[in-house]
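J.: The following block contains the structure, expressed as structure tokens.
The values are calculated or read from the model by the stated rules, or taken from the named source; none is laboratory data. Source: prediction; values computed, not measured. As a convention, Cβ positions derive from the backbone with ideal geometry for all residues, glycine included, and neighbour counts pool all protein chains shown. Heads up: the accessible areas ignore ligands, DNA and RNA and are worked out on the full protein's heavy atoms, side chains in. Shrake-Rupley method; radii C 1.70, N 1.55, O 1.52, S 1.80 Å.
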Amino acid sequence: MTDIPAKASVASTSNGSVLLTLMKARTFIALIAVLIFFSIAAPNFLSAANLILMSKHVALNAFLAMGMTFVIITGGIDLSVGSIVGLCGMVAGYLVLNGIDLQVGYTIYFNVFEIALITLAVGILIGAVNGLLITRLNVAPFIATLGVLYVARGLALLSSDGRTFPNLVGKPDLGTTGFGFLGAGRLLGLPVSIWILVVVAVGAAYLAKYTPLGRHIFAVGGNERAARISGVRVNMVKMFVYMFSGFCAAVVGLIISSELMASHPATGESFELNAIAAAVLGGTSMSGGRGTIGGTIVGAFVIGILSDGLVMMGVSSFWQMVIKGLVIIVAVVVDQAQRRLQSRVTLMQMAKAG
Amino acid sequence: MTAATDHHVLLKLEDVSKVYSGTVAVKRANFEVRKGAVNVLVGENGAGKSTLMKIIAGVEQPTLGRILLEGEEVSFSSSGDAVNRGIGMVFQELNLFGNLSVAENIFATREITNRFRKIDSREQERRAAEFLERLQAGIRPDMLVEDLRIGQQQLVEIAKAVSLDARILIMDEPTSALSAAEVEILFKVIADLKARGVAIVYISHRLEELIRIGDYITVLRDGRITGQERMKNVDTQWIVRQMIGSDAKDFAKPDGHVPGEEIFRAEDICLPRVTGGLAVDHVSLSLRAGEILGIYGLMGAGRSELFDCIMGRHGHATGVIFIAGKKVRERDTTRRIRRGLALIPEDRQREGLVSILSVASNLTLASLSRFVRLFHISGAKEIQAVTQMVRELAIKVAGPAQEVSSLSGGNQQKVVIGKALLTGPKVLLMDEPSRGIDVGAKADVFRTMRKLSRDGLGILFATSDLDEVMALSDRIAVMSNGKLTGMFDRAEATEASLVAASALGHGPVPHMESHAHD
């Protein structure tokens with residue numbers, strides 16, 4: 001969406017536009033830079049095993065960041081994703097271990113596929129609660145999702161009294177085995193979670209670019225009033241982005257529980273901040289209307305590789321936080337500089353044209 | 001320049017230009033402001049009057065040129081600078097804080113404080129009451145600004161400017177929302193200020209007002225100053241000639257086609273105001289296919305609100321609308337667009353365009369479903385429709401992917417119109433379609449309106465420009481205070497009758513009226 005005008009201005013090359021092109025590709029350049037840096041500085045960094053491991057880490061944040069990107073493009077924010085991760089993990093763990101007790105002497109056990117569907121539905125439902133609070137009750141997105149952050153986390157802790165659901169292997173006679181596939185399984189040599197990421201990312205990028213819903217997401221973020229007058233169903237668009245964000249969080253909850261074969265109620269704390277960081281690093285504008293799925297994925301990779309690489313180099317986790325923060329700030333500063341340069345280049349072109 | 005110089009020149013602009021992205025608003029203007037006199041500035045919409053005044057008031061900085069205050073070169077980096085030099089301004093768009101009281105607004109940024117830096121509200125309200133008393137507006141200083149009528153808000157804005165004790169007071173269309181009685185009071189205040197040696201810069205569209213109170217007149221056209229004279233040496237003809245120039249306004253002549261069957265009818269549309277009363281008061285009207293129905297009225301008369309009701313933007317509005325004889329039961333904008341209604345809103349930036357999207361995305365925003373198969377937007381079909389619309393409306397763009405914010409005002413307006421047309425409307429609602437666009441684009445817009453009406457569209461168009469409504473409409477409706485106060489055939493409409501109808505319902509005594517609204 002936002003790179004259409006980019007092509008137009010790149011076509012007419014001048015000094016300004018070369019710099020501009022570099023600035024636009026900044027997240028990609030940053031990605032290559034961290035890759036090169038760590039492949040020199042950290043031994044074994046480029047080994048296949050390490051790259052796959054890192055991708056699995058990055059995938060978790062990338063899911064959340066994709067959901068977050070759509071929300072931010074509409075001009076909102078979703079602080080509840082970390083808690084949804086925790087709650088959905090607990091839902092999955094509970095269903096594997098306990099099933100649903102019908103209180104009449106029977107207990108229903110679901111197979112793993114059904115458990116996954118139910119968990120995703122829970123995530124979407126919490127997203128819908130966010131959406132309803134924001135569209136129907138006019139609660140500011142920051143406040144609505146902050147409230148849901150606490151509620152969902154509290155429910156996750158209540159579900160087990162704060163304990164972990166351990167050992168989610170399941171029982172063959174109940175048909176609840178195989179939960180580990182999502183986290184540990186492989187298809188064609190790549191982890192299942194990576195495949196899911198690819199599918200969701202391609203779907204989300206397609207949605208953003210080639211569907212009316214995607215176009216409407218950008219329009220709502222760019223100018224909500226104009227979108228409304230143009231007949232865009234603004235409330236439906238907002239409902240969708242929060243439900244999609246909830247869906248992404250549920251996927252992450254499933255994957256983490258599956259990787260650990262256990263559900264811990266505190267899982268996902270402060271994940272929302274990493275997701276926002278990845279989206280912003282990837283060029284999503286907090287004021288709405290701008291952002292791409294591709295950029296966000298690259299942003300998630302930059303953050304993920306940075307932290308894993310620093311761990312491999314033995315940098316203290318305190319310094320890691322400082323470095324991560326600086327990277328985010330620099331990214332936003334460059335983003336602002338690019339905006340200014342862009343408008344100057346546009347003005348110059350117009351002045352030349354007439 | 002033949003003006004006699006018996007009034008001392010207080011402020012002088014020399015060769016001032018102002019360029020915005022996409023438009024040159026003011027070109028090498030020379031302008032003098034004389035002490036103890038009313039310096040009138042006149043010109044069409046978009047001629048650059050407001051920009052020129054914002055430069056004097058420090059809101060905008062000139063791209064080129066010098067400002068001389070009593071012979072000394074000055075530059076204002078903010079309106080605060082200008083206020084410190086004794087320059088005050090009444091803005092056309094109200095610059096008030098709705099959430100604060102009248103007194104707090106009047107003393108905003110120069111609050112009266114006591115020894116402990118605490119705001120002395122009582123003193124502020126007492127002093128505010130003095131200023132308001134002079135304006136006889138019946139406004140209490142402790143009322144919230146958002147609870148006031150728009151005309152009253154304008155009076156608060158004036159009180160605020162007067163309270164600055166400025167040497168130069170700029171008034172940008174101060175009467176556009178005032179009733180005749182309120183205008184009289186304002187003129188008394190102006191005469192009083194003049195007697196105290198204040199230099200007043202007065203901008204208005206209403207020629208009769210200008211001739212009555214002006215001492216000097218300056219005419220702007222397309223950002224250039226085309227005439228400067230003493231008011232007593234000029235007449236209406238002279239002003240109009242300077243404003244319009246040799247190339248008379250191109251309104252696109254009626255083509256003599258006869259309107260068809262009724263395409264649209266509104267019955268008993270009402271919209272309650274938050275502060276009580278009705279913003280749209282039992283309005284009924286009907287429109288035939290191929291007819292242009294002009295709706296004339298002052299600012300705040302309820303024209304935009306009527307359009308909003310028709311588009312289904314207010315859930316609490318009442319009344320029924322019919323399209324081609326069939327009742328429209330849909331109450332939301334999305335489905336009303338599908339039924340064949342389309343709105344071109346008054347405020348292009350805030351309601352018309354998504355400025356960070358491309359021209360193409362803006363054009364097709366309201367009609368995406370036309371280009372969709374299953375859920376996929378067909379790029380080829382979309383581009384084809386965009387290219388055709390760009391050609392039909394003569395939109396000047398480098399390419400469909402150009403960002404819409406980089407276009408000039410006129411081309412942006414054409415994009416908004418194109419967006420509405422792509423939905424395939426039967427009835428087009430145009431709210432001030434010519435506001436803030438250059439002469440050429442205006443002519444294009446008017447030609448497009450003619451062509452659409454020939455193609456059988458019904459067009460409702462709201463304007464506060466008398467010439468426009470007289471020249472373009474087949475019939476003219478007049479609104480005032482939310483009510484429909486007149487309906488004229490073009491043949492029988494006169495400027496005087498329209499103006500009279502547009503002032504109906506603005507009670508002769510402002511005090512009475514404010515009671516009615518309490």
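J.: Need one value: the accessible area of B:His282 in square angstrom, 1.4 angstrom probe, rounded to the nearest 10.
T.: Ignoring ligands and nucleic acids, B:His282 comes out at about 100 Å².
J.: With unit charges on the beta carbon (Lys/Arg positive, Asp/Glu negative), name the residue among B:Ala177, A:Ala33, B:Thr218 whose Cα is farthest towards the positive pole of the charge dipole of the protein assembly as shown.
T.: It is A:Ala33.
J.: Just to be sure I understand: of the beta bridges DSSP finds with both ends in region B:9-244, what percent are antiparallel, rounded to 5?
T.: 55
J.: Just read off the accessible area of A:Phe142 with the full protein assembly in place, 1.4 Å probe, to the nearest 10 Å².
T.: 110
J.: Near the amide H of B:Val90, under 5 Å away, which other amide H atoms are found, from residues 5 or more places off or on another chain, if H is placed in the peptide plane?
T.: It is B:Ile170, B:Met171, B:Asp172, by chain and number.
J.: Just need the Rg to Rh number for the protein assembly as shown, please, alpha carbons only, Kirkwood Rh.
T.: My calculation puts Rg/Rh at 1.03.
J.: Here is a further query. What is the spread of the Cα atoms of chain A along each of their three principal axes, largest first, in whole Å?
T.: 82, 56, 37
J.: In addition: Output ³J(HN,Hα) for region A:282-291: one whole-Hz value per residue in order, computed from phi by the Karplus curve 6.51 cos²θ - 1.76 cosθ + 1.60 with θ = phi - 60°, and x for Gly and Pro.
T.: Going residue by residue, I get x, x, 6, 8, 5, 8, x, x, 10, x Hz, with x marking Gly and Pro.
J.: Taking amide H atoms as placed 1.01 Å from N in the peptide plane, list the residues 5 or more away in sequence, or in a different chain, whose amide H sits under 5 Å from that of B:Leu41.
T.: Answer set, sorted by chain and number: B:Tyr202, B:Ile203, B:Ser204, B:Thr218.
J.: Among the listed pairs B:Lys54/B:Lys160; B:Lys27/B:Lys396; B:Lys12/B:Lys194; A:Lys209/B:Lys396; B:Lys160/B:Lys232, which are separated by more than 28 Å between their Cα atoms?
T.: Long pairs (Cα-Cα over 28 Å): B:Lys160/B:Lys232.
J.: Could you work out the helix-only [θ] at 222 nm for chain B, with each DSSP H run of four or more residues adding -39,500 (n - 2.57) and the total divided by the number of residues, to the nearest 500 deg cm²/dmol?
T.: Here the helix-only value at 222 nm equals -9500 deg cm²/dmol.
J.: From the phi of every residue in region A:235-243, what ³J(HN,Hα) in whole Hz does the Karplus formula 6.51 cos²θ - 1.76 cosθ + 1.60 yield, where θ is phi - 60° and glycine or proline is x?
T.: 5, 5, 4, 5, 3, 4, 5, 6, 5
J.: Out of residues 5 or more away from B:Arg140 or on other chains, whose amide H comes under 5 Å of its own, with H placed 1.01 Å from N in the peptide plane?
T.: Residues meeting the amide H criterion: none.
J.: Can you run phi through the Karplus equation (6.51, -1.76, 1.60; θ = phi - 60°) for region B:50-67 and list ³J(HN,Hα) in whole Hz, with x for Gly and Pro?
T.: For region B:50-67, the Karplus curve yields 5, 4, 4, 5, 5, 5, 5, 7, x, 6, 10, 9, x, 6, 9, x, 10, 10 Hz.
J.: Name the lysines eligible as straight-distance cross-link partners of B:Lys426: C-alpha to C-alpha under 16 Å, and not fewer than 8 places from it in the same chain.
T.: Cross-link targets: B:Lys326, B:Lys327, B:Lys451.
J.: Rolling a 1.4 angstrom probe over the protein chains, ignoring ligands and nucleic acids, what is the accessible area of A:Val129 in square angstrom, nearest 10?
T.: Its accessible surface works out to 70 Å², give or take rounding.
J.: Counting partner chain Cβ atoms within 10 Å of every residue's Cβ in B:356-367, what's the average?
T.: Rounded to a whole number, the mean comes out at 6.
J.: Another one. With charges only on Cβ, +1 for K and R and -1 for D and E, what is the dipole size of region B:160-278 about its Cα centre, in debye, rounded to 20?
T.: 700
J.: Let me ask something else. Taking a 1.4 Å probe, which of B:Leu96, B:Leu498 shows the most accessible area, and what order do the others take after it?
T.: So, going from the largest accessible area down, we get B:Leu96, B:Leu498.
J.: Take A:Phe45, B:Phe251 and sort them by solvent-accessible surface of the protein heavy atoms, 1.4 Å probe, largest at the top.
T.: B:Phe251, A:Phe45
J.: How far is helix A:192-210 tilted, in degrees, relative to the longest principal axis of the Cα atoms in chain A, given as a value from 0 to 90 rounded to the nearest 10?
T.: Here the helix axis deviates by roughly 40 degrees.
J.: What three numbers, in Å, describe the spread of the alpha carbons of region A:69-222 along their principal axes, ordered from the longest?
T.: The Cα atoms of region A:69-222 stretch 54, 41, 25 Å along the principal axes, largest first.
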